[in-house]
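Please treat every number below as a calculation from the coordinates, not as lab data. None of these values were measured; they are calculated from a predicted model. Because the Cβ atoms are built from the backbone with ideal geometry, glycine has one as well, and the counts that use them run over all protein chains shown.
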Amino acid sequence: MTDRYLKPAKPTNTFNTIVAALTRRGISVLGSRILGVRGRKSGELRTTPVNLLTVDGERYLVAPRGHTQWVRNLRAAGEGTLRVGRRTETFRPTELADADKPEILRAYLRRWWFEVGAFFGPGINAKVPDEKLLEIAPGFPVFRITTA
C-alpha cells in the first residue's frame with residue numbers, strides 16, 4: 001500500500017482539464033487550486049489541479065490516487081505554489097504520519113466523496129471507523145501546507 005498509485009483514466013483527464021481551465025480563470029471548483037511544483041528530475045514547473053482542504057484552520061493537500069508524480073515532486077522540491085486565477089501563493093509542505101491521517105481523510109471524503117470515492121475503494125467513505133482509515137493511510141499521502 002505504501003507505493004499505491006492509480007493512473008488516471010481518460011474521463012478523469014478530461015474532468016481535470018475542465019477544472020484546471022476554470023481554476024486558472026479564477027473560478028475555484030469546490031476548493032480547487034492549480035498546484036505548481038518543480039519536477040524532481042527535469043526542474044521544469046509541473047501543474048495539476050488539486051482540492052485544497054481546510055480542517056480546523058489548517059490547510060491540507062490529499063493525494064487520492066496515491067504516490068503520484070506531484071507527490072514525489074513535492075517531497076523532493078520542499079515547496080510548491082497554489083493558484084486560483086491570478087492569485088498565487090508559495091507554500092511549504094509537511095507530510096503527515098499515517099497515524100495523523102484519519103481525521104483528514106475523513107474530512108476529505110466528506111467533502112469530495114462524489115469525485116474521489118472510487119479512488120478509495122469499495123466500502124471506504126467518511127463513515128468508516130478510524131481503524132479502517134489507519135489501514136489504508138499509507139496509500140494516501142497527506143500534506144499540511146503553510147505559507148512560505
Listed residues Pro64, Pro141; which is under 25 Å from Arg25 (Cβ atoms) and within 13 Å of the chain's Cα centre (by Cα)?
Pro64
Residues satisfying the stated conditions in segment 22-51, i.e. small (Gly, Ala, Ser) and surrounded by 14 or more Cβ atoms within 10 Å (Cβ to Cβ)
Ser28, Gly31, Ser32, Gly36, Gly39
Among Arg144, Arg86, the single one that is surrounded by fewer than 20 Cβ atoms within 10 Å (Cβ to Cβ) and either among the hydrophobic types (A, V, I, L, M, F, W, C) or touching a strand residue (DSSP E or B) at 6+ places or on another chain (Cβ under 7 Å) (or both) is Arg144
For Val71, all conditions in the list (1) over 14 Å from Val142 (Cβ atoms); (2) under 13 Å from the mean Cα position of the chain (by Cα); (3) not acidic (Asp, Glu) hold save one; what is the number of the exception?
(1)
Only residues that are in contact (Cβ under 8 Å) with a residue 40 or more places away in the chain and assigned to a loop (DSSP other than H, G, I, E, B): list them for segment 8-26, please.
Pro8, Arg25, Gly26
Quick one: in segment 88-99, of everything that is touching a residue at least 12 places away in the same chain (Cβ under 8 Å) and of a type outside the set (Val, Ile, Thr), which residue is farthest from Gly36 (Cα to Cα)?
Ala99
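Yes or no, residue by residue, for (1) under 17 Å from Glu58 (Cα atoms); (2) in contact (Cβ under 8 Å) with a residue 40 or more places away in the chain; (3) crowded, with 18+ Cβ neighbours inside 10 Å:
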site: Tyr108; (1), (2), (3): yes, yes, yes
site: Arg111; (1), (2), (3): yes, yes, yes
site: Val128; (1), (2), (3): no, no, no
site: Lys132; (1), (2), (3): no, no, no
site: Gly139; (1), (2), (3): no, yes, yes
